[in-house]
Amino acid sequence: MKKIKTAVFVSGGGTNLQAIIDREKAGELPHVALSLVLSSQEGAFAMERARQAGIPAFACVKKKLGSQAAFEAALIQKLEEHEIELIVLAGFLSILSEDFTKRYERRIINIHPSLIPSFCGAGFYGLKVHEAALARGVKVTGATVHFVNEIPDGGEIIAQKAVRIYPGDTPEKLQKRVMRQAEWKLLPTSLETVAKEMASRDLNQ
Ligand code: GRF
């Protein structure tokens, strides 16, 4: 079976990366070869998770590299070295330019912790997303996996999962519920869907 060489981009704790690792280890992502982890932060715990799973992991830090162009050149060098075909953004906090997203058109997916088009776009990341949902008083939120293009959170939607909001929720409580009930399931499942599609396209060429 053809497996799609996949890189995961991270910046922080890496619980979504862990969910992917666990599902792959369980044999539930048969079209995915987890081949590389790239972090925008040097000390990110996600890198430790990668190492423990035996996946090569490197940090590419924009501040150190000096410019967006140098940062993206470093990412691309690693991606090419490892022959990566598909990229997953899993809590990756750096912006990618249009040049980068065009180069990997329909080959980058992202997880966003709301039901797009609510609470998304520039400035909506981490707890801010859940703060905004609670401030607006919505009763249902969730997570969205989408393809990445040049518009923040603007690419085609692949999958969504709804999560209920309860009276007394705090942003922290809600963030945990969205991760547990939606993100950690939706991201690995969507990754397998996209990889399977890519693999079948490759075989038909
Ligand atoms: C998640 O909520 C994800 O949706 C968002 O950033 C967070 C990353 O968490 N984009 P982790 O690093 O996967 O634990």
Residue pairs, Cβ under 7 Å, 6 or more apart or interchain, first in the range 8-24 and modelled with pLDDT under 95, second more than 6 Å from the ligand (Cβ to nearest atom) and open to solvent by less than 10 Å² (accessible area, probe 1.4 Å). List them.
none
Scan the range 104-115 and give yes if some residue there is modelled with pLDDT of 95 or more, under 13 Å from the mean Cα position of the chain (by Cα) and either in a loop (DSSP other than H, G, I, E, B) or surrounded by fewer than 20 Cβ atoms within 10 Å (Cβ to Cβ) (or both), otherwise no.
yes
Report yes if some residue within the range 25-41 is of a type outside the set (Gly, Ala, Ser), open to solvent by 40 Å² or more (accessible area, probe 1.4 Å) and within 9 Å of the ligand (Cβ to nearest atom); otherwise report no.
no
Name the residues in the range 157-179 that are without any contact (Cβ under 8 Å) to a residue 40 or more places away in the chain and on the phi < 0 side of the Ramachandran plot, would you?
Ala159, Lys161, Val163, Arg164, Ile165, Tyr166, Pro167, Asp169, Thr170, Lys173, Lys176, Arg177
If you check Lys5 against the conditions, is it of a type outside the set (Gly, Ala, Ser), surrounded by fewer than 16 Cβ atoms within 10 Å (Cβ to Cβ) and farther than 18 Å from Leu186 by Cβ?
no
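This table checks each residue for (1) within 13 Å of the ligand (Cβ to nearest atom); (2) charged (D, E, K, R); (3) in contact (Cβ under 8 Å) with a residue 24 or more places away in the chain.
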{"position": "Arg51", "(1), (2), (3)": "no, yes, no"}
{"position": "Phe58", "(1), (2), (3)": "no, no, no"}
{"position": "Glu72", "(1), (2), (3)": "no, yes, yes"}
{"position": "Leu75", "(1), (2), (3)": "no, no, yes"}
{"position": "His112", "(1), (2), (3)": "yes, no, yes"}
{"position": "Tyr125", "(1), (2), (3)": "yes, no, yes"}
{"position": "Val148", "(1), (2), (3)": "yes, no, yes"}
Restricting to the range 77-102, count the residues that are aliphatic (A, V, I, L, M) and away from the ligand (no atom under 16 Å from the Cβ).
3
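The values are calculated or read from the model by the stated rules, or taken from the named source; none is laboratory data. This structure is a prediction, so every number in the text was calculated from the model and none was measured. Every residue, glycine among them, receives a Cβ derived from its backbone with ideal geometry; neighbour counts consider all protein chains shown. Just the protein is used for accessible areas: all its heavy atoms, side chains included, with ligands, DNA and RNA removed. Shrake-Rupley method; radii C 1.70, N 1.55, O 1.52, S 1.80 Å.
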